[in-house]
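This report concerns only the one structure given below.
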Amino acid sequence: MLSSAIITLPTVRYIGKLTTRMERRDGARDPDEQRRIDENKKWRRDHPPEEAWDIDKERDAIRYKRESLESLFRIGQKEALDKMKEQIEELESYIDKEENVNSSKDD
């Protein structure tokens, strides 16, 4: 017979300052991104929201551009590989023909 148990954990309250840390993904940041971050640090609540950089939006745009370039590069590689395969098949068929011609002359 199966039984189930309900486990309750005590509620833990933490009163204090919450600190967050951002990990750098690629080591050093891009100088443009660092400039935007520094400008955002100077922004205050009484300033218009248009003056603040939407850093997430900028990062998404950069990521989208990189991913699209990578996919174009992969497509280009695939086309180049397909072209090389066609050339190899042509050369192999040419070699087979030559071998057949040479073997028939030897007979």
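Rounded, prolate or oblate: pick one for segment 31-106, where a ≥ b ≥ c are the square roots of the eigenvalues of its C-alpha gyration tensor, a/c under 1.5 means rounded, and failing that, prolate if a/b is larger than b/c, else oblate. Prolate. Whole-Hz Karplus values for segment 56-73 come out as 4, 5, 5, 5, 4, 5, 5, 5, 4, 4, 5, 5, 5, 5, 5, 5, 4, 5 Hz, taken residue by residue from phi with 6.51 cos²θ - 1.76 cosθ + 1.60 and θ = phi - 60°; glycine and proline positions read x. Think of segment 31-106 as having a plus end and a minus end, set by charges on the Cβ of Lys, Arg, Asp and Glu; of N102, Y64, W43, W43 sits farthest toward the positive end of this dipole.
Placing unit charges on the Cβ atoms only, positive for Lys and Arg and negative for Asp and Glu, gives segment 31-106 a dipole magnitude near 620 debye about its Cα centre.
Bear in mind these aren't lab numbers, they're just calculated from the coordinates by the rules spelled out. For clarity, every value in this text was computed on a predicted model and none was experimentally measured. Cβ sites come from the backbone with ideal geometry, for glycine too, and all protein chains shown count toward neighbours.
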